[in-house]
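The values are calculated or read from the model by the stated rules, or taken from the named source; none is laboratory data. Please read these numbers as outputs of a predicted model, since none were measured by experiment. Note that we place each Cβ from the backbone using ideal geometry, even for glycine, and neighbour counts take in every protein chain shown.
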Ligand code: ZN
């Protein structure tokens, strides 16, 4: 992602933590604001370069995320951290702009049935909303403008509609860019995706809108394909991967879709392959312990936390890449 505020330390792949949004919105427990701040600060201190700290949705819909404005303000005090938020509509975007979020992600479900269930809007209404958000962002002074990403959700299949035509995903990506979004993202909301599909779809969209317009993917591990799908994304040059500490979260409107990619396992994969993330895994595991303690009733996932780092594990370094 392209905001000028990203940490200057050289990294090869940006790991974007979404647990504080995607994770917490999918559990019933409301994590106290102070515990969220501690989580965000500790992950930033562990080297995580970008965190989606919340979502600007009405508190009656997602009381778990009612403190998003305060979290954006807090996260912006952490040096080098790219502060991302999700917004479903113009009103949310206005709140994000008021707080000065660095990156705004707007979900656009390729499945219209899912869009109606998730944000109660048709595709036509969502494109109107995107155009309004583009205008609101453009009205900001250049230095204060966040990057605006339209995240194409259910891009790999929908629990309500089944298979999603790739032509439709590509066409919706083109439309979002034509309306003025800075970039599109691809989101496997339902965990239906496979590596061939990831490779094909990312390649097609990049051919249609330009490589620099698709840099990030949001993949789920619902059927165990999460890291295999990451590999496919890396092969075609995707540089930002979303993940959630302990794999917390999924999507409440996609029944059965639990389990974002686990941040700890993702960072291990990348560093073990010589790709720099800037993240200290031991410190990340310590954050996991703190989050588990704050959410004692929630199940956290992940293999590295169970098995530990291999003896003699070496992080990727500049000279190795
Ligand atoms: Zn997710």
_Positions within the stretch 141-168 being part of a loop (DSSP other than H, G, I, E, B), touching a residue at least 40 places away in the same chain (Cβ under 8 Å) and either more than 22 Å from residue 83 (Cα to Cα) or in contact with a helix residue (DSSP H, G or I) (Cβ under 6 Å, 6 or more places away or on another chain) (or both), in sequence order_ = 154, 155, 156, 159, 160, 161, 164
*Evaluate the stretch 258-269: report whether one residue or more is part of a loop (DSSP other than H, G, I, E, B), within 16 Å of the ligand (Cβ to nearest atom) and crowded, with 18+ Cβ neighbours inside 10 Å.*
yes
*residue 155, sole failed condition from (1) surrounded by 16 or more Cβ atoms within 10 Å (Cβ to Cβ); (2) farther than 13 Å from residue 114 by Cα*: (2)
*Breaking point among (1) at pLDDT 95 or above; (2) buried (at least 17 other Cβ atoms within 10 Å of the Cβ); (3) touching a helix residue (DSSP H, G or I) at 6+ places or on another chain (Cβ under 7 Å); (4) under 24 Å from residue 136 (Cβ atoms), for residue 17*: (4)
_Among residues of the stretch 194-224, those that are assigned to a loop (DSSP other than H, G, I, E, B) and touching a strand residue (DSSP E or B) at 6+ places or on another chain (Cβ under 6 Å), counted_ = 2
*asked:* I'd like the residue in the stretch 194-216 that is crowded, with 24+ Cβ neighbours inside 10 Å and more than 18 Å from residue 103 (Cβ to Cβ) and, out of all such residues, is nearest to the ligand (Cβ to nearest atom).
replied: 198
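Taking the conditions exactly as written (under 25 Å from residue 109 (Cβ atoms), in contact with a helix residue (DSSP H, G or I) (Cβ under 7 Å, 6 or more places away or on another chain) and more than 16 Å from the ligand (Cβ to nearest atom)), does residue 287 satisfy them or not? Write out each step before concluding.
Values: under 25 Å from residue 109 (Cβ atoms): no; in contact with a helix residue (DSSP H, G or I) (Cβ under 7 Å, 6 or more places away or on another chain): yes; more than 16 Å from the ligand (Cβ to nearest atom): yes.
It is false that residue 287 is under 25 Å from residue 109 (Cβ atoms), in contact with a helix residue (DSSP H, G or I) (Cβ under 7 Å, 6 or more places away or on another chain) and more than 16 Å from the ligand (Cβ to nearest atom).
Mind checking which residues of the stretch 159-193 are within 14 Å of the ligand (Cβ to nearest atom) and surrounded by fewer than 24 Cβ atoms within 10 Å (Cβ to Cβ)?
159, 192
Looking at residue 227, is it assigned to a helix (DSSP H, G or I), under 16 Å from the mean Cα position of the chain (by Cα) and surrounded by fewer than 23 Cβ atoms within 10 Å (Cβ to Cβ)?
Yes; evaluated as a whole, the condition is true for this residue.
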